[in-house]
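Have a look at the structure below before the remarks.
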Amino acid sequence: MTKNLRLTLGSLAASVLALATPAAHAAWTLNMTPGISKMSREIYSLHMLMFWWCVGIAIAVFGFMIYSMVRFRKSAGAVADQNFLHSTKIEVIWTIVPVLILISMAVPAARVLVETEDVAGAALTIRVTGYQWKWGYEYVGTGVGVLSTLDFASNKARALGSGIDPTTVPNYLLDVDHPLVVPAGVKVRLLITGQDVIHSWWVPALAIKKDAIPGFMNEAWFEIDADKTGLFRGQCAELCGRDHGFMPIVLDVKSKSDFDQWLKAQQAAAKPGAAGGATPATATSVAPVTPAANVVGVASSKG
């Protein structure tokens, strides 16, 4: 057996073993998620519109190509037309049809894009600040702030030589010590910035992925369906440094009444000299969350 052949077989065997080895990944899905808000479902519908247009175009184009190659193949006696130059009718058709397709895509896309930037009527504003490697949340005007960090179990299991099997840790690398608590059925405005490097706040269930840029403030909004309470997860979607993969996002969606009670409890516990020295549930991570210095602007549909 030659050296080259041995190397080839060795590489092939390594590839097969790599494919056969169980990987640490989320459940396989074949599409986007419709999400938990009206806006996320509109984005999903827009995605499906584009998808089916692409499927239809692919079927038409490849179907015509395959038909032409089979029907007019040389072995079947087909002879090329030496005098064919162009057809005005065909040229008009293949100009008008793509224009109509583009219009049918552009109109709903523009409508959804404008709506994603419309933060008017928000009842709650939360300032989101990305740090290496955690998220800071400030409920603007309430005095409540939360610092959200990778949970202890995941942080311990990820350490080299920990001896902990990551598959035994619930929501490995996707859980935090203190989630972002938000109300369902309420329009929430997000002001997103970064403190050190560029991060990206991404929650698939909300169809939101906005960069957190130092010195700049991005805007986003969501209004979760009133019946969609529970935990929803996301991650930083920017390569923000060596611990980029350990910067998850967890939303704890509560009913409006439960959220109001939670917020009042946090405000009461955060007051100096609170009875009994009570501290909020997020005492270990509550900190004044301030935007990056020299913020130069706020992205807004209103300019």
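The values are calculated or read from the model by the stated rules, or taken from the named source; none is laboratory data. Just so it is clear, the model here is predicted, and its values are computed rather than measured. FYI the Cβ positions are ideal-geometry reconstructions off the backbone, even for glycines, and counts take in every protein chain you see. Calculation scope for accessible area: heavy atoms of the full protein, side chains included, ligands and nucleic acids excluded. Shrake-Rupley method; radii C 1.70, N 1.55, O 1.52, S 1.80 Å.
Key figures
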read-out: Under-5 Å amide H pairs with Ala212, H placed in peptide plane, nonlocal only; value: His199, Ser200, Trp201
read-out: Förster radius 30 Å - calculated FRET efficiency between Ile164 and Gln132 (Cβ-Cβ, nearest 0.05); value: 0.80
read-out: Cβ-defined net charge surrounding Ala270, 15 Å radius [Lys, Arg +1; Asp, Glu -1]; value: +1
read-out: Around Asp175: net Lys/Arg minus Asp/Glu count, Cβ-Cβ under 10 Å; value: -1
read-out: Förster-model FRET efficiency, 41 Å R0, Ser255 and Leu30, C-beta, rounded to 0.05; value: 0.80
read-out: Whole-percent carbon and sulfur share, accessible surface of the stretch 77-183, 1.4 Å; value: 65
read-out: Mean separation of Cα contacts under 8 Å (6+ apart) over length of the stretch 50-167, as relative contact order %; value: 9
read-out: Whole-Hz couplings from phi, Karplus 6.51/-1.76/1.60, listed for the stretch 127-144; x for Gly and Pro; value: 8, 10, 10, x, 10, 7, 9, 7, 10, x, 10, 10, 7, 4, x, 10, x, 9
read-out: Solvent-accessible heavy-atom area per residue, rounded to whole Å², over the stretch 165-263 at 1.4 Å; value: 41
read-out: Formal net charge of residues neighbouring Ile164 (Cβ-Cβ distance under 11 Å; K, R +1; D, E -1); value: +1
